[in-house]
Amino acid sequence: MKLNYAKAGLILFLMVFGFLLAPIPSHAAVDTSSYIVENLKADDIPDDDGSGLVLSWKPLPKEKRIIEYRIYRGVTSDSLFYHGKVDVNVKTGVAGDVMYYYDSGYNRFVDLQSPGKLKKEKQQPDDSPLFGRLPRDLEVTGPQLTNYRILGVIPEKDFLYKNTKVEITEDEDTKVYAGLKLRHFLYLLKKLRAEKEYYYTVIAVTESRKYMPHAEPIIGIPIDNSPEKIRQLFSVYVEDKSRMQFEWIRSLFTADQTNHSLYLVKKNNLDEFNNYVEEQKQAEIDPEFETSLENPAQLIYQRYCGYPYTPDNTVAVDIIDGKIINDKRDINVEVGNIEDYFAVFSLQDRAGYETFSSLSTFDIVNSSTLPTISDWNVKDRKNDKGDYNAIYWEKPTVFLTNCTYLNDDKTKILVNYDIYKNVKYDKIKNVYFNISDESGKEITTINEFYQDSKLKITLEKPSNRISFEMRVVANGDTGEDQIYTQDLIFSEDVKSLQPGILYLNGEEVNKYTYSIYKNNYSNEEWRLSKNTIGAQRGIVDNVSYRSITYKGVSKFDAEKGLFLVTPTFQVRMDDELENQIMTNLYAEEAAKSIDTYNEEIANYTASKDTLETEAELANADDAIEFYQAQIDLTESNPILQKAATFKSYKARIKFLEKVKTIAGRSFKYKMVKTDGKAHFALSEVYYTEEVGKLPFDESARETFTTLGMDHFYPLPNWFQADKLPALIATFIFGFMVFFMIRKAKSGKELYIRPIAGIDEIDNAIGRATEMGKPILFVPGLSGISDVATLAGLSILGRVAKKAAEYDTKILVPVRDYIVLPIAQEVVKEAHYEAGRPDSHDKNSVFFITTAQFAFVAGVNGIMIREKTATNFYMGMFFAESLIMTETGSTTGAIQIAGTDAVTQIPFFITTCDYTLIGEELYAASAYLAREPLQLGTLKAVDYTKFIILAFVIIGTIFSTVHATFLINAFPTK
Amino acid sequence: MKRQIPLIIIITMGFMFVAHSFIPHKVSADFFDWFQDWVKAVSPFAVSLGIMSLFMVHGTKIKRKVPNWQYSVITLSGLIFTALAGFIWGTHVGTPYMWLFENVQMPMSATMFALLAFYIASAAYKAFRARSAEATVLLIAAVIVMLGQVPLGAMISKWIPEASTWILNVPNLAAKRAIMIGVGLGITATSLKILLGIERTYLGGGD
Amino acid sequence: MNKNVIKFFDKIQNIDRRYIYIVVAFSIIIPLLIPFNSPTYVTKPTSDIYKKIDSFAGDKTKAILMSFTHDASTMPELFPMEVSVLRHCFERDIKVFMICWLPAAAPLVDYAINTAKEDFDVQAGVDYCNFGYKPWVLRLPIMLGMGDDVAKAVKTDSQGRKVENLEIMKNIKNYDDLNLVIDFAASSSAIQWITYARARFGANIAAGVTAVMVADNYPYLHTGQLMGMFRGLKGAAEYEKMVDVFAAYESEDHPNGRPFSKEIIKETSVPITGDTVPYKYKKARIGMNAQSVAHIMMIFFILLGNIGYFITRKKEL
């Protein structure tokens, strides 16, 4: 047999290595030129901000076994850097005739994972223009900064505290920058610049990872286009309130918008307006084109929309005394008969392009046909780390979700229902169902005191329509005034009853949807928090702690290894959300800013003499006004004034950071209930008299007077109240342990149920000693964080000690390498304790592999070769358990297993001589130790189990008699 | 001292984690994140322990030419070659490393796993004997559940699949939950013993 | 009793387990090699999924999402489910999306699509869309994000195309449209969908799980949180049959398949011998044959063992 092993081993060895040679690609010459991609093109992406190109090429045929296409980009044709790749499934290839790659928006520029030095691309000829990814090396990467629009994404703390002040003198003008190392950026992202030429090429990589030659580089020029047209505009005129309401379906691409505008176009001006729009389009295509027409439409509303979030898509404009007036936007329009007008919406982008929507006629309605918003609230959500506000409204909704027949006669049905709760009505006590058939005859009434989301109903005869009348009783509400009705209607298609439309007091619930918008002190725009369906009764709004600063990067300092960004930052906006309160990282620069503003004002005033057109003059006036406002703010703003009093950099920045955080995390909310077609109700901004607490000193309130009344700042909580039962149980258990240990220490005999498997451990070790064969101990397959492994290890300690006393060899194969040193230490210590350090073999505890089934193969091999007399399996096991124990049973070993893996217990029971089931595994160590401390704990477990059992029985009895308070006392998780 | 310091670390960290599960505050959440980062950073170092153990065990076997030492050569060369293949050619699809994974590791694991079907059959044959009243119940339940899984069951009677579902859902689930409660308490007790320093075997022996 | 019989049972009692192995091997291999017709009884959890998917037929404003959370090791059980769901969708002109959470699942998604699409005129990005591999750690933002806007939560598909630009995304915004999520897994990962997609956004969730995981998912099926479930290979075989009986059914009255009906499925049996159904669409049913035979063999062995046990015990007495 032994010779055979050796031979078999050798053959296996040769086989493995033989196979290894096979996959190495053969170096037979291939015609690489046929691997060059064809039809490579780079086209502008329409409707964008001039940052997008789409590459397309013809994919190589499936037979070429291509695994990926790599894309390279540069601003000159002689150096192209790796940009990205498209993976391909080798077996199936690419189905279509064309492959696309979108180079648009912000994507990766350089970060910590970039290579240190610039490398030529692999397997390319010496004169190849292809390089690897742009490296961290600033000498190479720095000059590339100006070829793209670079956005630095910086964790706020790094921007505020880790910067280095750098002064750069250009044209006698010294400018101050904040320098940051690459590691301080979360990412540096790049975007293509409009109207700039970029070179692209693509290479194919084969399955054996051979990089093929590149295609001839092509040029792509991204072009700034006018914004994408919105999909549809809806307009409504509410006659009795003389209010215009607008709602539109947003366009998909929103990155480059600055203004939402609404216009009225007189119906008899339509041709003129169309001509104007046409002319604008011409001007976009042909920059030489001179426009001559004026927009005949009247601007009635305009707002800023440059925020990188989803903007509000509803607007209400009031007509007062036949006029629309808005001083801020210089609007003063007289409105005649509303039927004479079309409404039109426009989006403007940074480049000044304007895209008009299709025209929309007003739907004239009365306010009584519009939805109403009632009873809505905002509050800080409880039991969290302070990152959620809860917005909730009205009372819980109940609705049917599904229905199925339970028998062939179709007289027994199972109906599923669901409930939407909110933070105010969070405990549902009862749900009443009145169920009647087509003729209105009552079938049954059901009181769901415990909501398991299902009803079983027996019908007299099969029915095609069953009506439900539903009412929810929640904490603090009887639901008397809220009757929900919904029918189950037989559907031909599914041959079953299906839930129909849900009505609340006769009104269709899901006709309207809710949109919740929020706004804080950092921007004037309202952004979407969430949309919900009409049946929903609340949302939670995430207010993240993560604060990030976004900065454009165009300069660098190669010597110090720094990327340079402007040191100015916005603290917040003023209370009217009109002006930004800006300051500088460096106090001395902030102090200088007023001088700069004055200089600018002087410059503009001087330039006014030479300006000619009215537009230019107006522009200059605007600039002067802006700088004057900045001066006023800087001189009078309490935040900036207080910031100026700090001497140290750190103290000043800390103060500003605090103000910034409160401003950024305090939100006010408003709600829109709409049918999606401008028939909406717009809530006021939520306001409460109750003043919210602050986690900081109350002095912050001087500048945040509305905080906690309309601006909500979510607070972190120190205790999770819904875990109270768990805490109480922990204390009871802890107390039990102490009590029982004391009892055990006092010498009182504690009865412990005998466990056969544990009693047999000694005999099993004795058997191995008699036979002169080793013991095998597998401490489970999971890691150290699994408590079962710890229990297994403590049993190992006892077993190893006994084995050492009997001088029997113990083998411990280990799957987890963190368990390995611990198991080694346990066995070593056991030998020392038994007074047999000499018999300890440090290689008796060894690592096999982390692969599950390979480990089993290893263990089985040991059983068969070493003929182990006794096998222990103690810990966590998975699907491999039976494979091990069945092998053990064929070798005739005595086997004792212990696990808490419920699905594996049956396998152990059938194949092992003794099995410790579940908790017995945990008891074993105490059982073997027989120390008062251990026994006391064991006894405490028993009594706690008794308490749990008592709760289970009492709970069952109570819920059977409709008393659900005990169930509700426990959290649902 | 050798034992005291680890014990102090265990007890303090243990109580901090107990506190963490009751405290949702940002301070507590940040502590947990910080800890997670450390775990991620530390655990890869333990890999080297495993590899060292493997080399020591099999190195000794080869050196002493103990019976079956040839297997140890295969084990070590397999380890070295796979690692080298990964380092030299990378781990992308199409490299020798991936080839080894797909054509050696996966089928061998699948083979071991497939053995389960045979072992279950033989284990079932041995286990299901009507030796006693309890064993008879087990036997009948097993036959019903097995029949419920195949068309033959439904052909015999339409109640067999229903009975099979009932057995799985009621008695089986009840027993499963009872064991789970016991296990839960056992875990809590063991954790508490570790926290209080009653259980120290895992630190290596008694005190 | 005959001495020989007693001797035979005596032997059977201590039969070498290798004989059992060989019988099991044959009882699995033979049915796999030689398919035969056996009845497939359709159970409710499977037919519920079928009905739900079928209710989207031809509806361009609804879609289903298939989530792959398993690797190749559990393919024999889960792959036939995936293929037959895809076949159903392609037959009945239903928009279908796929996403997978394990790197090892990505090739399986491709494999499933390619297996099913050969017989249909369907196009990626128009009739179906594969979002590709998304790391499991990102499940929360993606599952929650899809409740708001799918195109925002999953930015690119497996070919790197912007999801928002794809034609299939027309009328598909969030779980209101992506109304059914089927999670195929060898674990209880469907719970994640229940917690994030169902509890918050009311999406319908179904699960396709291996037979050993069925018990773990039962509680959710009971409460209706899972609207349906494929239970191992059996579930796959049931679905295969339903697609054959309804979706792939062609007649003058129903050129695009016929609607689901319990009565029809009870009466109809689809032969899997012969070439009427391609092999790839009857894999699960053939597998079920093997499973049935193996089960029956085991029951036979157990009964044999017990008879032997009683006979030998009598002799001892």
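Structure above, values below:
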quantity	calculated
Residue in the stretch C:255-264 that is basic (Lys, Arg), surrounded by fewer than 20 Cβ atoms within 10 Å (Cβ to Cβ), assigned to a helix (DSSP H, G or I) and not assigned by TED's automatic domain parsing to the domain that holds C:Asn289 present	yes
Candidates A:Glu207, A:Glu195 - the one that is out of contact with any Cys (no Cβ under 7 Å at 6 or more places or on another chain), at positive phi and touching a residue at least 24 places away in the same chain (Cβ under 8 Å)	A:Glu195
Hits in the stretch C:271-312 (condition: without any contact (Cβ under 8 Å) to a residue 60 or more places away in the chain and more than 9 Å from chain B (Cβ to nearest Cβ))	C:Gly274, C:Asp275, C:Thr276, C:Val277, C:Tyr279, C:Phe300
Output for the stretch C:100-134, where each listed residue is closer than 25 Å to C:Ala186 by Cβ and either in contact (Cβ under 8 Å) with a residue 60 or more places away in the chain or touching a Lys or Arg at 6+ places or on another chain (Cβ under 6 Å) (or both)	C:Trp101, C:Thr115, C:Ala116
Odd one out for A:Ile909, checked against (1) in contact with a strand residue (DSSP E or B) (Cβ under 6 Å, 6 or more places away or on another chain); (2) over 26 Å from A:Arg767 (Cα atoms)	(2)
Selection count, the stretch A:324-354, where residues are closer than 24 Å to A:Ser367 by Cα and either among the aliphatic types (A, V, I, L, M) or surrounded by 12 or more Cβ atoms within 10 Å (Cβ to Cβ) (or both)	12
Among the candidates A:Glu278, A:Glu290, residue that is farther than 21 Å from A:Lys191 by Cβ, assigned to a loop (DSSP other than H, G, I, E, B) and either among the aliphatic types (A, V, I, L, M) or more than 42 Å from the chain's Cα centre (by Cα) (or both)	A:Glu290
Residue selected from the stretch A:815-827 under the condition at the interface with chain B (Cβ under 8 Å from one of its Cβ atoms) and either surrounded by fewer than 20 Cβ atoms within 10 Å (Cβ to Cβ) or among the hydrophobic types (A, V, I, L, M, F, W, C) (or both), by the criterion nearest to A:Asp786 (Cα to Cα)	A:Ile818
Residue that is farthest from the other protein chains (Cβ to nearest Cβ), among those in the stretch B:9-39 that are among the β-branched types (Val, Ile, Thr) and in contact (Cβ under 8 Å) with a residue 12 or more places away in the chain	B:Ile11
Filtered residue count, the stretch C:160-179, keeping only those that are among the acidic types (Asp, Glu), over 16 Å from C:Ser55 (Cβ atoms) and either within 8 Å of chain A (Cβ to nearest Cβ) or surrounded by 17 or more Cβ atoms within 10 Å (Cβ to Cβ) (or both)	1
Strands (runs of 3 or more DSSP E) within the stretch A:180-272 that include 2 or more residues within 14 Å of chain B (Cβ to nearest Cβ)	A:198-206
Residue match in the stretch A:32-51 (condition: modelled with pLDDT under 70 and within 30 Å of A:Ile218 (Cβ to Cβ))	no
Residue ID - modelled with the highest pLDDT, chosen from residues in the stretch A:86-111 that are small (Gly, Ala, Ser) and at negative phi	A:Ser104
Qualifying residue in the stretch A:863-873 (condition: basic (Lys, Arg), modelled with pLDDT of 90 or more, surrounded by fewer than 24 Cβ atoms within 10 Å (Cβ to Cβ) and over 20 Å from A:Ala791 (Cα atoms))	yes
Odd one out for B:Leu54, checked against (1) without any contact (Cβ under 8 Å) to a residue 12 or more places away in the chain; (2) touching a strand residue (DSSP E or B) at 6+ places or on another chain (Cβ under 9 Å); (3) not basic (Lys, Arg)	(1)
Considering residues of the stretch A:474-493 that are crowded, with 20+ Cβ neighbours inside 10 Å and hydrophobic (A, V, I, L, M, F, W, C) only, the residue farthest from the other protein chains (Cβ to nearest Cβ)	A:Ala474
Helices (runs of 4 or more DSSP H) fully within the stretch C:1-68 counting 3 or more residues that are surrounded by fewer than 18 Cβ atoms within 10 Å (Cβ to Cβ) and at negative phi	C:3-13, C:17-33
Of residues in the stretch B:92-117 being within 30 Å of B:Pro171 (Cβ to Cβ) and at the interface with chain A (Cβ under 9 Å from one of its Cβ atoms), the one surrounded by the most Cβ atoms within 10 Å (Cβ to Cβ)	B:Leu115
Candidates B:Pro151, B:Pro171, filtered to the one that is within 14 Å of chain A (Cβ to nearest Cβ) and farther than 30 Å from B:Ala19 by Cβ	B:Pro171
Test for A:Tyr751: is it of a type in the set (Ser, Thr, Tyr) and either out of contact with any helix residue (DSSP H, G or I) (no Cβ under 7 Å at 6 or more places or on another chain) or surrounded by fewer than 15 Cβ atoms within 10 Å (Cβ to Cβ) (or both)	yes
Selection within the stretch C:202-234 - more than 10 Å from chain A (Cβ to nearest Cβ), aliphatic (A, V, I, L, M) and closer than 16 Å to A:Thr903 by Cβ	C:Val209, C:Ala211, C:Val214
In the stretch C:257-279, the residues that are within 19 Å of B:Lys158 (Cα to Cα) and among the aliphatic types (A, V, I, L, M)	C:Ile264, C:Ile265
One residue from A:Pro213, A:Pro227 being at pLDDT below 90 and more than 27 Å from A:Ala590 (Cβ to Cβ)	A:Pro227
Selected residue [modelled with pLDDT under 90, more than 8 Å from every other protein chain (Cβ to nearest Cβ) and surrounded by fewer than 20 Cβ atoms within 10 Å (Cβ to Cβ)] from A:Asp807, A:Asp786	A:Asp786
Qualifying residue in the stretch B:182-202 (condition: more than 10 Å from chain A (Cβ to nearest Cβ), of a type outside the set (Ser, Thr, Tyr) and farther than 27 Å from A:Pro821 by Cα)	no
Candidates A:Val86, A:Val140 - the one that is of a type in the set (A, V, I, L, M), within 14 Å of chain C (Cβ to nearest Cβ) and either part of a loop (DSSP other than H, G, I, E, B) or surrounded by 16 or more Cβ atoms within 10 Å (Cβ to Cβ) (or both)	A:Val86
Residue among A:Lys592, A:Lys551, A:Lys560 that is out of contact with any Cys (no Cβ under 6 Å at 6 or more places or on another chain) and in a strand (DSSP E or B)	A:Lys551
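The values are calculated or read from the model by the stated rules, or taken from the named source; none is laboratory data. Values in this document were obtained by computation on a predicted structure and should not be read as measured data. Positions of Cβ are generated from backbone atoms using ideal geometry, with glycine treated the same way; all protein chains shown enter the neighbour counts.
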